[in-house]
Ligand code: SF4
Ligand code: FES
């Protein structure tokens, strides 16, 4: 099959970028979208041209690296899938496909389709962990966890930090990501000692990074490849409010 691509090319954050036309022929419909970009890059290198820079690592929906906008959708047209899990059979032979990087103030463009998502790392470093004294591992039965809480925590922990929620949100809000990272610990007994401080610090860092505010549009949940739920945002807001009131009365 053949695809007509319009790919965003930009040397670095300081120069203007533009969409450049490429045609890639002889594609197998069972190729992944990233394999198709590999084929394009192979052609470009053989012609002596600069290959398209794009992020990828696991290529199986785990690492969250393959961030790109495809035809105006974060991770493309397939529901609950990352770009590396998108296959060319989702397109028709001869389709024109637009490929762009995440567009968000807090994710500056590094080159072509690569953006700097280190703001997420700084939010995690601000509080997305539990402090533990190392020692002998406890017996699992010493710390019983309610099955429903365990399932909700696991659902929140499915977030791969891809940034599609930010890219899809017209406000550039990161609340789905941050709330998933807060919830995965807030729902477990191990997360309780630092629960208030965690919510305060992570939300503070999120605001400092320049992400927008949530206005309940829901594009984040609709585009999230891991189907992270908006209820996590409600939990984060409750935790943040409770922690703010608590810190003022102390
Ligand atoms: S909440 Fe979903 S869209 Fe946002 S970073 Fe996590 S996995 Fe990606
Ligand atoms: S390359 Fe790892 S999630 Fe797509």
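The values are calculated or read from the model by the stated rules, or taken from the named source; none is laboratory data. Bear in mind the structure is a predicted one, so any value in this text is a computation, not a measurement. Virtual Cβ from ideal backbone geometry, glycine too; neighbours counted across all protein chains shown.
Things worth noting here:
- The set of residues in region 85-102 that are closer than 21 Å to residue 226 by Cβ and either crowded, with 19+ Cβ neighbours inside 10 Å or in contact (Cβ under 8 Å) with a residue 60 or more places away in the chain (or both) comprises 85, 86, 101, 102.
- Test: residue in region 91-100 that is under 26 Å from residue 173 (Cα atoms), under 21 Å from the mean Cα position of the chain (by Cα) and within 16 Å of ligand 2 (Cβ to nearest atom): yes
- Being touching a helix residue (DSSP H, G or I) at 6+ places or on another chain (Cβ under 7 Å), within 16 Å of ligand 2 (Cβ to nearest atom) and touching a residue at least 24 places away in the same chain (Cβ under 8 Å) is a property that residue 27 lacks.
- Residues of region 205-238 classified as away from ligand 1 (no atom under 16 Å from the Cβ), touching a residue at least 24 places away in the same chain (Cβ under 8 Å) and farther than 17 Å from residue 119 by Cβ, total: 1
- Among the numbered conditions (1) over 30 Å from residue 79 (Cβ atoms); (2) within 10 Å of ligand 1 (Cβ to nearest atom), the only one that residue 158 does not meet is (1).
- Some residue of region 188-198 being touching a helix residue (DSSP H, G or I) at 6+ places or on another chain (Cβ under 9 Å), outside the structural domain of residue 64 (by TED's automatic domain parsing) and free of Cβ contacts under 8 Å to residues at least 24 places away in the same chain: yes
- Among the criteria (1) surrounded by 14 or more Cβ atoms within 10 Å (Cβ to Cβ); (2) on the phi > 0 side of the Ramachandran plot, the one residue 66 does not fulfil is (2).
- Those helices (runs of 4 or more DSSP H) of region 140-250 in which 1 or more residues are over 17 Å from the mean Cα position of the chain (by Cα) and within 26 Å of residue 104 (Cβ to Cβ) occupy 175-186, 195-208, 231-249.
- Looking only at region 171-204, and only at residues there that are within 24 Å of residue 115 (Cα to Cα) and more than 15 Å from ligand 1 (Cβ to nearest atom), the one that is surrounded by the fewest Cβ atoms within 10 Å (Cβ to Cβ): 204
- Only one of the listed residues (152, 147) is surrounded by 13 or more Cβ atoms within 10 Å (Cβ to Cβ) and over 18 Å from residue 64 (Cα atoms). That residue is 152.
- Within region 60-84, tally of residues that are within 20 Å of residue 109 (Cβ to Cβ), within 13 Å of ligand 2 (Cβ to nearest atom) and not in a loop (DSSP other than H, G, I, E, B): 3
- Residues in region 69-84 that are within 15 Å of ligand 1 (Cβ to nearest atom) and either buried (at least 21 other Cβ atoms within 10 Å of the Cβ) or without any contact (Cβ under 8 Å) to a residue 60 or more places away in the chain (or both): 69, 70, 74, 75, 76, 78, 79, 82, 83, 84.
- Scanning region 122-139 for residues that are farther than 23 Å from residue 14 by Cβ and under 24 Å from the mean Cα position of the chain (by Cα) yields 123, 124, 125, 126, 127, 128, 129, 130.
- The residue that is farthest from ligand 2 (Cβ to nearest atom), counting only those in region 171-187 that are free of Cβ contacts under 8 Å to residues at least 60 places away in the same chain and touching a strand residue (DSSP E or B) at 6+ places or on another chain (Cβ under 8 Å), is 171.
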